[in-house]
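Right, one structure below, let's go through it.
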Amino acid sequence: MTPTKPLPQPDAESREFWEGVKARQLRLQRCRACRRFRFYPRAVCPHCLSGEFEWVVTAGKGTVYSYTVCYRPAGEAFAADVPYIVALVDLAEGVRLMSNLIGCPPDEAEVGMPVEVVFEDASPDITLYKFRPAAP
Ligand SMILES: [Zn+2]
């Protein structure tokens, strides 16, 4: 039997984020005190330690900070996907996320390329966010 891919396990702090992804929105926490965005979701601002925050729907646009092309899968469940791209994406809101870059041949991936979020249903309960090339 082919193993299944691990999926996110939403908890009290990340549930709003994952519900947003399921609703085709990339929502980030923004601190009410210093107004900075943060990722991953957490109770306290890493910049000023305030516990006051709001959820903001982002445009889901950013640029590739770095990436790697995986020719060896990160486990049997990913074997059919190689080669695939794992990328660090800097969102316009100032946070960095890790995900897959899809819709892009590996030899066309570039640091600094503009990308936009896309959503893929992974199970009835979990949707994943990924990125694809976007017009500048
Ligand atoms: Zn803050």
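The values are calculated or read from the model by the stated rules, or taken from the named source; none is laboratory data. Bear in mind the structure is a predicted one, so any value in this text is a computation, not a measurement. Cβ: placed from backbone, ideal geometry, glycine included. Neighbour counts: every protein chain shown. Ligands, DNA and RNA are excluded from the accessible area calculation, which covers all protein heavy atoms including side chains. Shrake-Rupley method; radii C 1.70, N 1.55, O 1.52, S 1.80 Å.
Quick notes on this structure:
- Each Cα pair under 8 Å and six or more residues apart adds its separation to the average, and for the chain the resulting relative contact order is 22 percent.
- 222 nm mean residue ellipticity, helices alone, for the chain (DSSP H n ≥ 4; -39,500 (n - 2.57); rounded to 500): -1500 deg cm²/dmol
- Cys with no candidate disulfide partner in the chain (beta-carbon separation under 4.7 Å rule): CYS70, CYS104
- Percent accessible area from carbon and sulfur atoms, region 1-135, protein chains only, probe 1.4 Å: 52
- Three-way shape call for region 1-80 based on the alpha-carbon gyration tensor, with the a/c threshold at 1.5: prolate
- Accessible surface computed residue by residue for region 15-133, with neighbouring protein chains in place and a 1.4 Å probe, gives 55 Å² per residue.
- Highest to lowest packing among 84-95, 36-47, scored as the average C-beta count within 10 Å: 84-95, 36-47
- Region 48-136 - Kirkwood radius from inverse mean 1/r over Cα pairs (Å): 14.3
- Bridging of LYS61 to lysines at a Cα separation below 21 Å is possible for LYS22, LYS130, once same-chain residues fewer than 8 apart are set aside.
- Dipole magnitude of region 1-94, debye to nearest 20 (Cβ charges: Lys/Arg +1, Asp/Glu -1, about Cα centre): 220
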